[in-house]
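S.K.: Starting off with a structure, shown below.
Nothing in this text is a laboratory measurement; each read-out follows from the coordinates by a stated rule. Only a predicted model underlies this, so the values are computations on that prediction, with no experimental measurement involved. All Cβ positions, glycine included, derive from the backbone under ideal geometry; neighbour counts span all protein chains shown.
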């Protein structure tokens, strides 16, 4: 029974790392760091994000959420837009554009603002 449990835990963790769970991808900031941070928001238009089965959105989401300094990603498939909340001192929108391009979905920065 112990062997079965070890194999199950190993497979579960392997799966989570393979699909890119954000909690495993980057350590979460400490609460006092979060209070001191000012987040920024960038909106990227990705005209090639046209899949009807959400595979495009999932690929774009995973390519962005794994980046250091990214705190949240929202994908709007109907408008082909992605909104990224990030820590300006840790990353910048050019990194997002490169990440989505490397994932196969080149985009254009539409807006950038502090929140």
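S.K.: For the stretch 70-115, just say rounded, prolate or oblate: build the C-alpha gyration tensor, square-root its eigenvalues into a ≥ b ≥ c, call rounded for a/c under 1.5, and beyond that prolate if a/b exceeds b/c, oblate if not. Don't skip to the answer; put the middle values down first.
M.R.: Numbers: a/c = 1.84, a/b = 1.27, b/c = 1.45.
Because a/c hits 1.5 or more and a/b fails to exceed b/c, the stretch 70-115 counts as oblate.
S.K.: Can you tell me what the convex hull of the Cα atoms of the stretch 26-114 projects to on average, as an area in nm²? All intermediate terms of the calculation are to be shown ahead of the outcome.
M.R.: Values: hull surface 22.0 nm².
Computed as one quarter of the Cα hull surface, the answer is 5.5 nm².
S.K.: Mind ordering 77-85, 50-58 by average Cβ neighbours within 10 Å, highest first?
M.R.: Per-residue Cβ counts within 10 Å, averaged per peptide and sorted highest first, yield 77-85, 50-58.
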